[in-house]
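Worksheet: the structure to be examined is printed underneath.
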Amino acid sequence: MKPCIRAAAAAVALAHSLGRLVTKVYEHEANAYNRISVCVQNGRVSGYDYISHCYVSGELANVYHHGENSHFTLMPNGSGAYNGFDHDTSSYFSVKVERREVHMFDHNEDSYFAYSI
């Protein structure tokens, strides 16, 4: 997955799981904030990626990152767990939200990534 898609998926999962607006996510591996603002209301995703200067929108489970012209699937499984699929790279990923943190495994990269707010 591209880093901006990973950050968007993390922000959407956090906004959905916490039930509130997320205004930025901290990517631990890059030691930097990703300025992305996302809210999820009634399953509807509405957000803006300030780094890519584009909207992130859609419905859970089908989200669209307008800057990358890329769809990703993010399916909630309950208790802060999500299964995902990045259509751009044809790869699966999984997300677990615990409190204010996201732990994501990107199967294409065979790596874990951590985000927090």
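Numbers for the structure displayed
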{"quantity": "Tally of residues being part of a strand (DSSP E or B) and among the β-branched types (Val, Ile, Thr) across the range 1-52", "calculated": "6"}
{"quantity": "Given (1) part of a strand (DSSP E or B); (2) surrounded by fewer than 16 Cβ atoms within 10 Å (Cβ to Cβ), number of the condition His103 does not satisfy", "calculated": "(2)"}
{"quantity": "Yes/no for Ser17 being touching a residue at least 40 places away in the same chain (Cβ under 8 Å), in contact with a helix residue (DSSP H, G or I) (Cβ under 8 Å, 6 or more places away or on another chain) and open to solvent by 30 Å² or more (accessible area, probe 1.4 Å)", "calculated": "no"}
{"quantity": "Conditions (1) free of Cβ contacts under 8 Å to residues at least 60 places away in the same chain; (2) in contact with a Phe, Trp or Tyr (Cβ under 8 Å, 6 or more places away or on another chain); (3) of a type in the set (Asp, Glu); (4) open to solvent by 40 Å² or more (accessible area, probe 1.4 Å); number of the one not met by Asp88", "calculated": "(1)"}
{"quantity": "Residue in the range 53-67 that is in a strand (DSSP E or B), in contact (Cβ under 8 Å) with a residue 12 or more places away in the chain, in contact with a Phe, Trp or Tyr (Cβ under 6 Å, 6 or more places away or on another chain) and buried (at least 18 other Cβ atoms within 10 Å of the Cβ) present", "calculated": "yes"}
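The values are calculated or read from the model by the stated rules, or taken from the named source; none is laboratory data. Note that the structure is predicted; figures quoted are calculated from it, not measured. FYI the Cβ positions are ideal-geometry reconstructions off the backbone, even for glycines, and counts take in every protein chain you see. Ligands, DNA and RNA are excluded from the accessible area calculation, which covers all protein heavy atoms including side chains. Shrake-Rupley method; radii C 1.70, N 1.55, O 1.52, S 1.80 Å.
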